[in-house]
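Asker: The structure follows.
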Amino acid sequence: MIVKTNFIKINTSKNFEIIDVTSKVNELIDIENGIVSIFSKHSTSAIVVNENESGLLDDIEFTLSNLITDNYSYSHDRIDNNARSHLKSFLLSSSECLPVKNGKLDLGTWQSVFFVELDGPRRSRTITLTMVGE
Ligand code: ZN
């Protein structure tokens, strides 16, 4: 068994942005078979697996903004005014652990891996890839 680590750096350009990182992850996978943990090191972002269809990506943004109301005085806003971004991240996940087969992500036909920016634009968002396998 081997363990390998790599990183993806991303600059985001919008406050809310869903970025497909599937091909970047595949380029950096350095094991043949096993699992890869894809982890965002930020509390106002997320990593998710879903379908890369533009209407669906709009629907995800719409749904998250409806779940987290703007009409509330959040306690965290007294610190840096981004409670909504943290709460959207809380509803999603900071990581996904996915299977690797023959050196690539073993995803379903309609699945992609996304980095979700929830408090952008930001420079140097970091995703850590931890690969365990052979
Ligand atoms: Zn904050």
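Just so it is clear, none of the values below were taken in a lab; they were calculated from the coordinates. Predicted model, so just to flag it, every value in this text is computed and none were measured. Neighbour counts run over all protein chains shown; Cβ positions are idealised from the backbone, glycine included.
Asker: Out of all the residues in region 71-91, which are closer than 17 Å to LYS14 by Cβ and more than 16 Å from the ligand (Cβ to nearest atom)?
Answerer: Matches in region 71-91: none.
Asker: Within region 25-134, which helices (runs of 4 or more DSSP H) (wholly inside it) include 3 or more residues that are surrounded by 15 or more Cβ atoms within 10 Å (Cβ to Cβ)?
Answerer: In region 25-134, 54-67, 83-91 are the helices (runs of 4 or more DSSP H) which contain 3 or more residues that are surrounded by 15 or more Cβ atoms within 10 Å (Cβ to Cβ).
Asker: Also, I was wondering about something else. Can you tell me how many residues in region 44-82 are without any contact (Cβ under 8 Å) to a residue 40 or more places away in the chain and in contact with an Asp or Glu (Cβ under 8 Å, 6 or more places away or on another chain)?
Answerer: 1
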